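Taking it in order: structure first as structure tokens, then the write-up.
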Amino acid sequence: MLYREAGQFKTNYAADSAIFPLRQDRLGLGVIILAAYALAFIGNSFLLQAVMIPFLVFSLASIGLNILTGYTGLLSLGTGAFMGVGAYACYKLMTAFPGVNVIIWIFASGFFSAAIGALFGLPSLRIKGFYLAVATLAAQFFLQWCFIRIPWLVNYNVSGALDAPLRTLFGTPIMGPNATPQTRYLVVLTIVILLTWLASNLVHGRIGRMWIAIRDMDLAAELMGIRPLQTKLLAFAVSSYYCGVAGALLVFLWYGGAEYDVFNINQSFFILFMVIIGGLGSLIGSFFGAALIFILPIVLGIVLPAMLSPFGISVGADVIEHLRFMIVGALIIFFLIVEPHGLARLWQIGKQKLLVWPFPY
Amino acid sequence: MRAPDHPVMSKGDVLLAVENVSLRFGGVKALTDVSFDIRKSEIRAIIGPNGAGKTSMLNCINGFYYPTEGRITFKGVKRPKMRPYVAARGGIARTFQNVALFKSMSTLDNIMAGRSIKMRSNFFWQLFRHGPAMKEEIEHRRFVEEIIDFLEIQHIRKTPVGRLPYGLQKRVELGRALAMEPELLLLDEPMAGMNLEEKEDMSRFILEVNQQYGTTIALIEHDMGVVMDLSDRVVVLEYGRKIADGTPAEVKGDQRVIDAYLGVAH
Ligand SMILES: Nc1ncnc2c1ncn2[C@@H]1O[C@H](COP(=O)(O)OP(=O)(O)O)[C@@H](O)[C@H]1O
Ligand SMILES: [Mg+2]
């Protein structure tokens, strides 16, 4: 009853072109954002550190891949490597210029992955689908090789690892060993909200329409004057920007330090699964996908042992890990067959039903 | 690459000239030594049996194919080998024999996508969806709404086009081409698969576009009745060769055209 379109007439095109035309949707979004900030003050460290921060980081990476694969229709298996470029760039920048605030370097690091992404996107003019995926796979392996073989990237650190130096914002540590999960969560949350808002603006405007046009029917798009290479490269650049920032956040605000192998091919697939399950071509789906793939196993790890222990069955961490792979695999197959548009589509259908409830249509 | 600048043309001038164009795909001769012209503000029909090379002709005109031999001049300038998007930016729009809409987008977004080349606001403003970006979005939305009113498709404005019946999809595709404000509009069988009423509507739209905006139209159509009613001049192709060219009445009485069409099911 509360979710209704009735009475909300649009009297100008500006209102009708709004991204959230329904008042209830805008309210709902406001409530979610407020709740997310409130969580910083009521949630415990485990919730923030082990659930919320990674969830947000993966959501951001999924948005990145979704721009490329979901909106523009270009399959990439190089997500992990593009995230890595962001992380290594951020490390170089903040250690070379420690005087500049690290937030600036986090945003700047994305430009490096954007440039690298666009470079590896060049073959996309000629090749499509499976072959393009293979080309991005080459990017994945080449970049990973660079992360391992170029010690300059980690400032000749003998361990070969990236570590988060102490960095502050307004005098409060936001990075490094002294930064609390709370402050790191707040920083990540703010960055993710900001970048999601920008992505949403992009995909709802001219550029988004050009991306979708290329995805849906590239020939028709070109015959309408849309330049295929420019449009695809822009998608690669923007997508990689998001992945790069996500990579920097992953290492420096979540892990606190990491080695090259967090950016391996598994990471690429991990993000791809999130995008597929969440919904190709949907920003909100990116959050759904990240939640399902990342949070579900954690919930399983807590709920399952608790449920089974009264029966005297103990469930080990390894069993949970196996279960996670099985469930994720089953979900992917389910979504590919039954609902290729993922959770986002189910969400849409749910909202549509709610609009007309209690009538069927 | 920019489309070259052209002189302003007035009604009756030769807008596009096809001279001795041949197009071969390996051994298949799709077009052989075809010459004709399209004059400013006319409706030029291209007819002929299936496989005659009509679609191939349009593909040459909008730069999708490059003729194996011969040349095409647009506004007095010989067209170089170019990517189709350059031709589009030069003022040539088209619709497809098999509808080629952006399936997941709404009617509105499809037609808005047709405005892409007219939109100028840069990436920065797009990011914030503010200032020039929003102003432009609304300006173009207004233009697109005029097209939607003109084509009488207000009721399907927000419907994803993949869900629309075929006849309406053809209409949306025309709208998308009109959004480009083309100087030359190529329509590949815009009425194929339509019932009589839909054909009448579509004929009316084509005539109105031509009369109101002076848009030059090249039209491929099988229905001879429609061709006779709509077109100023007709060129007839058969097996990739031109067999007749003239007013509808002239062409209709031409023995070779009658032979080409006699007993042939289309
Ligand atoms: N891309 C292509 N490759 C090979 N042959 C083609 C191609 N496009 C068209 N043809 C051939 O060219 C001839 C003309 O086709 P087309 O222009 O589609 O005819 P129409 O539109 O008049 O029905 C046909 O014999 C067709 O098989
Ligand atoms: Mg044809």
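Brief remarks on what is shown
- Of the numbered criteria (1) of a type outside the set (A, V, I, L, M); (2) in contact with a Leu (Cβ under 7 Å, 6 or more places away or on another chain); (3) more than 7 Å from chain A (Cβ to nearest Cβ), the one residue B:94 fails is (3).
- Neighbours by Cβ (under 8 Å, 6+ apart or cross-chain): first from the stretch B:188-204, closer than 15 Å to residue B:164 by Cβ; second among the acidic types (Asp, Glu) and more than 16 Å from ligand 2 (Cβ to nearest atom): B:201/B:152
- Total residues in the stretch B:172-210 satisfying the condition of being surrounded by 21 or more Cβ atoms within 10 Å (Cβ to Cβ), among the charged types (D, E, K, R) and within 16 Å of ligand 2 (Cβ to nearest atom): the figure is 2.
- Only one of B:11, B:81 that is more than 16 Å from ligand 2 (Cβ to nearest atom), assigned to a loop (DSSP other than H, G, I, E, B), of a type in the set (Lys, Arg) and free of Cβ contacts under 8 Å to residues at least 24 places away in the same chain: B:81
- Hits in the stretch B:211-237 - residues which are within 16 Å of ligand 1 (Cβ to nearest atom) and surrounded by fewer than 17 Cβ atoms within 10 Å (Cβ to Cβ): B:222
- Cβ-Cβ under 7 Å pairs, at least 6 apart or on other chains, the stretch B:32-58 side on the phi > 0 side of the Ramachandran plot, far side more than 16 Å from ligand 2 (Cβ to nearest atom) and assigned to a loop (DSSP other than H, G, I, E, B): B:41/B:11; B:41/B:214
- Of residues in the stretch B:55-74 being farther than 20 Å from residue B:190 by Cβ and surrounded by 22 or more Cβ atoms within 10 Å (Cβ to Cβ), the one farthest from ligand 2 (Cβ to nearest atom): B:74
- Any hit, the stretch A:48-67, residues being within 14 Å of chain B (Cβ to nearest Cβ) and over 23 Å from the mean Cα position of the chain (by Cα): no
- Residue match in the stretch B:220-239 (condition: among the charged types (D, E, K, R), within 16 Å of ligand 2 (Cβ to nearest atom), closer than 18 Å to residue B:56 by Cα and not in a loop (DSSP other than H, G, I, E, B)): yes
- In the stretch B:107-120, the residues that are crowded, with 19+ Cβ neighbours inside 10 Å and either of a type outside the set (Val, Ile, Thr) or more than 18 Å from the chain's Cα centre (by Cα) (or both): B:107, B:108, B:109, B:110, B:112, B:113, B:114, B:115, B:116, B:119
- Checking residue B:56 against (1) within 9 Å of another protein chain (Cβ to nearest Cβ); (2) outside any loop (DSSP other than H, G, I, E, B); (3) polar (S, T, N, Q), the condition it does not meet: (1)
- Residue pairs meeting the criteria (Cβ under 7 Å; at least 6 apart or on separate chains; first more than 16 Å from residue A:214 (Cβ to Cβ), in the stretch A:124-146; second hydrophobic (A, V, I, L, M, F, W, C) and loosely packed, with under 14 Cβ neighbours inside 10 Å): A:135/A:127
- Helices (runs of 4 or more DSSP H) within the stretch A:247-361 that include 3 or more residues modelled with pLDDT of 80 or more, under 30 Å from residue A:142 (Cβ atoms) and in contact with a helix residue (DSSP H, G or I) (Cβ under 9 Å, 6 or more places away or on another chain): A:265-278, A:283-290, A:317-338
- The lone exception for residue A:237 - which of (1) buried (at least 18 other Cβ atoms within 10 Å of the Cβ); (2) within 9 Å of chain B (Cβ to nearest Cβ); (3) on the phi < 0 side of the Ramachandran plot it fails: (2)
- Hey, residue B:240 within 15 Å of ligand 1 (Cβ to nearest atom), more than 14 Å from chain A (Cβ to nearest Cβ) and surrounded by fewer than 19 Cβ atoms within 10 Å (Cβ to Cβ) or not: no
- Residues satisfying the stated conditions in the stretch B:61-91, i.e. touching a strand residue (DSSP E or B) at 6+ places or on another chain (Cβ under 6 Å) and facing another protein chain (nearest Cβ under 8 Å): B:62
- Count of the stretch A:194-229 residues which are among the aromatic types (Phe, Trp, Tyr) and touching a helix residue (DSSP H, G or I) at 6+ places or on another chain (Cβ under 6 Å): 1
Residues are listed down the side, and each one gets a yes or a no for (1) closer than 24 Å to residue B:99 by Cα; (2) more than 10 Å from ligand 1 (Cβ to nearest atom); (3) modelled with pLDDT under 95:
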position	(1), (2), (3)
B:13	no, yes, yes
B:27	no, no, yes
B:36	no, yes, no
B:44	yes, yes, no
B:49	yes, no, yes
B:52	yes, no, yes
B:56	yes, no, no
B:64	yes, no, yes
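Conditions tested, residue by residue: (1) within 16 Å of ligand 2 (Cβ to nearest atom); (2) of a type in the set (Asp, Glu); (3) buried (at least 17 other Cβ atoms within 10 Å of the Cβ).
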{"position": "B:19", "(1), (2), (3)": "no, yes, no"}
{"position": "B:38", "(1), (2), (3)": "no, no, yes"}
{"position": "B:53", "(1), (2), (3)": "yes, no, yes"}
{"position": "B:85", "(1), (2), (3)": "no, no, yes"}
{"position": "B:91", "(1), (2), (3)": "no, no, yes"}
{"position": "B:95", "(1), (2), (3)": "yes, no, yes"}
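The values are calculated or read from the model by the stated rules, or taken from the named source; none is laboratory data. Treat the numbers as computed from the prediction; the structure is a model and nothing was measured. Here Cβ is always computed from backbone atoms with ideal geometry, including for glycine, and neighbour counts include all displayed protein chains.
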